[in-house]
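Down below is the structure, laid out as structure tokens.
The values are calculated or read from the model by the stated rules, or taken from the named source; none is laboratory data. Because the structure is a prediction, the values reported are computed rather than measured. So basically every Cβ, Gly included, is an ideal-geometry build from the backbone, and we count neighbours across all protein chains shown. Ligands, DNA and RNA are stripped out before the accessible areas are found, and what is left, the full protein with its side chains, is counted by its heavy atoms. Shrake-Rupley method; radii C 1.70, N 1.55, O 1.52, S 1.80 Å.
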Amino acid sequence: MDLDSARGVDRRRLLGWGGLAAVGVAAGATPGHAEPARTDRDIPPDTRPGGAYDRFVAKLAEEDRFSGVVLLSHRGRTVLSRSYGMADEERGIRNHEDVAFDLSSASQPFLAVAVLRLAQDGGLALSDTVGTHLTGFPPDVAEQVTIHHLLTTTAGLDAPMPDWQRVFTSTDEVHEYHERWTRQATLAVPPGSGNQGHTSGAGAGLAIAAQIVEAVSGTTFWDYAHQHVFGRSGMRGSGYFTRSRWLTDEHIAHPYMSQADGSRVDAVRNLDRGGLAPEIQGRNPARGFIGHASGEGFATAPDLVRFAHALRDGTVLDRPYADLLTGAKLPGRTPTSFVAYSGPLHLVDGRQWVFGRGGANAGSAANWDIYPDTGWVGVVLGNHDDIPFLEILQQQTQAITGRPADPPGGGG
């Protein structure tokens, strides 16, 4: 018995898991076979309106501990959708299902999809090195670091911390800054030697991957993602939005940062206010003007469900490339977690695979999860600091699986 079997992992099932299974086809189904018809027995009581998960989130909202949207979808049909709090207090706009939220690093899989679309079109290979497409990097980075390393955060890079205090004023300024910043990256350890995860070097690696998208496609990463990721997936309310649009569009939630005195302040309208939560290192997302490849995309909850279905049906990626996106590339931090492209893969309750991504920023938190073996998609989007996010995700997992479990998502 190998180590995977000892941990309860079926290696053949793991390696075959991907775009088809990832969004609702039962394990073992073959391409072209119809999905099993949904019955009431497939819907656990705790996931329904009035069930345990619904009551838990409603109580948090009543106590002013949650503002945002939660959504549970099963095989393409909404089971639960709830919205709480204000998207823009100043204008009196409430949160609702069609409001987009800052995803922070929960938007990283969109970058991976953009890269894989270019791969399936023949524009690049995942084994290409940085130097195949870009110039200006140190020789060891250019010659040894591959696109695969960048997407698995195993490039071994070290890079200066970004200037979190700088306020950008245009997309051109953001673009120029990231080009200069990434070229300061150096090789700290051999590529492929381990997952660098939440480091500035990993962030620089994702920014390099976005620059490769631009070099191959001949357009900006933002434009490519809008056309080939959001557009193909039918995500009409999602994208990489500028600060000016964030200020004026009533369909984008404003993040509310907690202050030292217990009050909250609108992060978009108050770029330079202090008192931010320490776990996000004082970073105000509105300073960046527009999100970059390692974070700050926006999405609505239904759009994230549409993204999941676009992976399944071949709309956004051909199925072999969707398999590449969601398949395990290397072990994660626990015996039941693995690293996929720009997102974690977890084995929950010993029976269900979950692919998804989480992220948090000043005044916002987001998580979306795809349960491939049972057809569920779970989304949680919030726009307050100090939301008990891990507790919400644990309740979501328990409602879907029927068993207490650590939350499946990941990132930050």
Yes or no: residue 140 surrounded by 20 or more Cβ atoms within 10 Å (Cβ to Cβ), more than 28 Å from residue 319 (Cβ to Cβ) and over 23 Å from the mean Cα position of the chain (by Cα)?
no
How many residues of region 67-76 are crowded, with 22+ Cβ neighbours inside 10 Å and closer than 19 Å to residue 369 by Cα? The answer is 6
Condition check for residue 9: at pLDDT 95 or above and at negative phi: no
Does region 104-117 contain any residue that is in contact (Cβ under 8 Å) with a residue 40 or more places away in the chain and among the β-branched types (Val, Ile, Thr)? yes
Per the list (1) of a type in the set (A, V, I, L, M, F, W, C); (2) in a loop (DSSP other than H, G, I, E, B); (3) in contact with a Gly (Cβ under 6 Å, 6 or more places away or on another chain); (4) crowded, with 20+ Cβ neighbours inside 10 Å, residue check on residue 230 breaks on (2)
Subset of region 81-125, residues assigned to a strand (DSSP E or B), open to solvent by 10 Å² or more (accessible area, probe 1.4 Å) and under 23 Å from residue 264 (Cα atoms), comes to 82, 83, 84, 86, 93, 94
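Yes/no per residue for (1) in contact (Cβ under 8 Å) with a residue 24 or more places away in the chain; (2) assigned to a strand (DSSP E or B); (3) among the β-branched types (Val, Ile, Thr):
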residue	(1), (2), (3)
325	yes, no, no
335	yes, no, no
344	yes, yes, no
355	yes, yes, no
368	yes, yes, no
379	yes, yes, yes
394	no, no, no
Restricted to region 25-71 and to residues being of a type in the set (Val, Ile, Thr), out of contact with any His (no Cβ under 7 Å at 6 or more places or on another chain) and assigned to a loop (DSSP other than H, G, I, E, B), the residue modelled with the highest pLDDT is 39
For residue 212, the lone unmet condition from (1) surrounded by 17 or more Cβ atoms within 10 Å (Cβ to Cβ); (2) in a loop (DSSP other than H, G, I, E, B) is (2)
Only one of 340, 362, 366 is of a type in the set (Gly, Ala, Ser), modelled with pLDDT of 95 or more and surrounded by 19 or more Cβ atoms within 10 Å (Cβ to Cβ), namely 366
Residue count, region 114-126, condition closer than 13 Å to residue 222 by Cα and either at pLDDT below 95 or not small (Gly, Ala, Ser) (or both), comes to 1
